[in-house]
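Just so you know, all these numbers are worked out from the coordinates, no wet-lab data involved. Small disclaimer: the values here were computed from a predicted structure and weren't measured. Cβ atoms come from the backbone with ideal geometry, glycine included; neighbour counts cover every protein chain shown.
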Amino acid sequence: MSIAVVDYGMGNLRSVSKALEHVAGGEEVIVTADPAAVAAAGRVVFPGQGAMPDCMRELDARGLRPAVLAAARAKPFLGICIGLQMLFGHSEEGGVAGLAVFPGEVRRFPAQMMVDRNGQRLKVPHMGWNEVRQRPHPLWAGIADGARFYFVHSYCVQPADDALVTGTAEYGIPFTCAVARDNIFAVQFHPEKSARDGLQLLKNFVTWRP
């Protein structure tokens, strides 16, 4: 059963694919911009980094939107970073519409709230390691609640349905950093850059039977 990493020109694809290969147990990992290959894969990983308007434009330019939406409906699907944000209905970044798989907004960290508990200013983008508080889900198996993952982002998702939330973190404000529903799990952080716990999450995805 192949694992397709969707290539729309905006992701750190080598790091993602190498991390998946490390935990895939012999399953084929392919990086592809071919909608047919995405459709044929048993599992789909949807990474991304950069600006949301650019990501949406490039996804459509490569004709990948229908294949990504079909995968999100029907097979184990993992969104990473912008791959999480793109699943929502709308982003403040460029005022662009997302894929609307989930209801909710993507909003920039509010400048007036960017202070730590000691009153020190916090920089945006949020960059570095942060603790993640979990809600029960099979992809957290073997990962301690409060484990640290690596983040790089200036925007965060605000789901309209709290039942979607499976992970939260805090950076000036509490924010949602993981969501899930049915066959979809998506995270704001980068598991491929998050050492042992990141690899464990990817391994859990490879064996997940939603």
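Rounded to the nearest 5, the antiparallel percentage of DSSP beta bridges internal to the chain is 60%.
Sequence-distant contacts, meaning Cα pairs under 8 Å at least 6 residues apart, place the relative contact order of region 122-208 at 31 percent.
For region 1-70, just say rounded, prolate or oblate: build the C-alpha gyration tensor, square-root its eigenvalues into a ≥ b ≥ c, call rounded for a/c under 1.5, and beyond that prolate if a/b exceeds b/c, oblate if not. Because a/c hits 1.5 or more and a/b fails to exceed b/c, region 1-70 counts as oblate.
Once R0 is set to 30 Å, what does the formula 1/(1 + (r/R0)^6) return for the Cβ-Cβ distance between residue 100 and residue 145, expressed as a FRET efficiency to the nearest 0.05?
According to the calculation, E is roughly 0.45.
For region 77-162, averaging the sequence separation of C-alpha pairs within contact (under 8 Å, six or more residues apart) and dividing by the residue count gives a relative contact order of 30 percent. In this calculation the C-beta distance from residue 51 to residue 112 is compared with R0 = 22 Å, giving a FRET efficiency of 0.45.
Residues whose amide H comes within less than 5 Å of that of residue 96, counting only those at least five positions distant or on another chain, are 91 (H built at 1.01 Å from N in the peptide plane). Against the main long axis of the alpha-carbon atoms of the chain, helix 65-74 sits at an angle near 90°.
Each of [x] 17.0; [y] 25.9; [z] 17.7 is a candidate for Kirkwood radius over Cα pairs in Å; the one calculated from this structure is [x]. Relative to the longest principal axis of the Cα atoms of the chain, helix 13-23 runs at roughly 70 degrees. The HN-Hα couplings worked out from phi for region 47-58 by the Karplus form 6.51 cos²θ - 1.76 cosθ + 1.60 (θ = phi - 60°) are x, x, 8, x, 8, 4, x, 5, 5, 5, 4, 5 Hz, whole numbers, x standing for Gly and Pro.
Comparing 48, 146, 11 in a Gaussian network model of the chain (Cα springs below 10 Å), the most mobile by mean-square fluctuation is 146.
Across 127, 52, 86, mean-square fluctuation computed from a Gaussian network of the chain (C-alpha pairs under 10 Å connected) peaks at 127.
Computed over region 1-143, relative contact order equals 18 percent, with contacts defined as Cα pairs under 8 Å that lie 6+ residues apart.
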